[in-house]
Ligand SMILES: [Zn+2]
């Protein structure tokens with residue numbers, strides 16, 4: 001996600017203000033307990049293998065062969081799992097008027113259902129290690145950011161294919177989230193940060209049945225990851241956010257789904273909330289001790305396969321899977 005420029009600095013100031021108002025004590029919320037619908041088991045070994053495969057393709061940076069191969073891989077997996085697949089391709093403008101080829105990948109389950117959930121993640125990887133001390137201008141593996149989010153969605157797609165939910169599921173893999181201006185670049189226009197281009201394009205061109213709510217996954221695989229109540233998720237999708245956190249806690253992942261509120265993140269969920277009005281939350285790793293920071297290895301070369309932990313993948317994957325089957329009116333089908 002973008003944490004670049006004056007826009008982000010002002011967001012961080014807002015964030016500091018909010019945190020100041022909230023205090024840093026963990027919220028003592030007692031999670032609501034609900035009846036758990038029968039949901040498939042999320043297989044973290046399978047999810048891990050999807051991360052390995054993505055990293056194995058090389059950098060998922062537009063114009064590089066790893067990007068092409070990974071896009072083809074996602075499309076083929078969705079197709080194999082019985083999703084109706086489509087792509088959005090175009091050329092869009094990033095920071096400094098740079099042109100980027102865009103490839104958003106979309107998979108739909110139960111296409112005709114009017115009762116739908118949106119699950120999304122960006123599939124491109126960062127072309128710079130601009131938060132690293134060394135080799136700042138080289139691309140990163142992006143095992144956590146965001147092969148992890150893609151892998152969790154693909155494993156959920158596999159689970160769905162084995163036990164169909166009654167609701168519809170829209171899976172969207174956004175391109176061009178992480179091609180924003182590097183921090184070592186001089187900023188001509190602070191608002192010209194160039195992040196989240198794929199989700200902006202998808203949101204601007206949205207048509208069809210609107211999902212009831214959305215879940216964005218970004219950096220959901222690192223060892224010891226914790227997920228907090230991100231500011232914009234709280235503002236735009238409060239009840240959905242708490243519903244997901246409560247389910248995560250009920251499933252036994254209370255060490256992951258933390259009720260601390262943390263500052264705003266300009267991530268793909270912003271355009272979805274603002275341009276379409278689908279309440280969309282962001283499950284993203286934050287630093288609970290320093291509430292404006294992300295994962296410590298964010299946008300560095302340490303974002304590699306070694307950073308990934310299957311238990312983290314399971315906590316997010318099983319929780320989101322349960323959400324799909326536990327939505328109101330969502331009875332597990334006998335299929
Ligand atoms: Zn990133």
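The values are calculated or read from the model by the stated rules, or taken from the named source; none is laboratory data. Not measured: the values here are computed from a predicted model. A quick note on method: Cβ atoms are made from the backbone with ideal geometry, for glycine too, and the neighbour counts reach across all protein chains shown.
When residue 132 is tested against (1) within 27 Å of residue 256 (Cβ to Cβ); (2) buried (at least 24 other Cβ atoms within 10 Å of the Cβ), just one condition goes unmet, and that condition is (2).
Looking only at the range 278-305, residues that are in contact (Cβ under 8 Å) with a residue 24 or more places away in the chain and away from the ligand (no atom under 16 Å from the Cβ) come to 7 in all. If you check residue 100 against the conditions, is it within 16 Å of the ligand (Cβ to nearest atom), in a loop (DSSP other than H, G, I, E, B) and more than 26 Å from residue 281 (Cα to Cα)? Answer is no for this residue. Note on the range 310-335: residues that are out of contact with any helix residue (DSSP H, G or I) (no Cβ under 9 Å at 6 or more places or on another chain) and at pLDDT 95 or above total 1.
Counting only residues that are under 16 Å from residue 278 (Cβ atoms) and surrounded by fewer than 24 Cβ atoms within 10 Å (Cβ to Cβ), which one in the range 212-229 is nearest to the ligand (Cβ to nearest atom)? Step through it out loud before you land on a result.
Going residue by residue through the range 212-229, those that are under 16 Å from residue 278 (Cβ atoms) are 212-217.
Narrowing the set further to residues that are surrounded by fewer than 24 Cβ atoms within 10 Å (Cβ to Cβ) leaves 212-213.
Values: 212: 27, 213: 23 Å.
The qualifying residue nearest to the ligand (Cβ to nearest atom) is 213.
Within the range 155-194, the residues that satisfy the criterion of being within 16 Å of the ligand (Cβ to nearest atom) and within 19 Å of residue 71 (Cα to Cα) are 173, 174, 175, 176, 177, 178, 179. The residues of the range 45-65 that are farther than 24 Å from residue 170 by Cα, in contact with a helix residue (DSSP H, G or I) (Cβ under 7 Å, 6 or more places away or on another chain), part of a helix (DSSP H, G or I) and without any contact (Cβ under 8 Å) to a residue 24 or more places away in the chain amount to a single one, 57. If only residues of the range 116-131 that are farther than 13 Å from residue 220 by Cβ and in contact with a helix residue (DSSP H, G or I) (Cβ under 9 Å, 6 or more places away or on another chain) are counted, the one that is farthest from the ligand (Cβ to nearest atom) is 117. With respect to the conditions (1) more than 15 Å from the chain's Cα centre (by Cα); (2) part of a loop (DSSP other than H, G, I, E, B); (3) in contact (Cβ under 8 Å) with a residue 60 or more places away in the chain, residue 264 falls short on a single one, namely (1).
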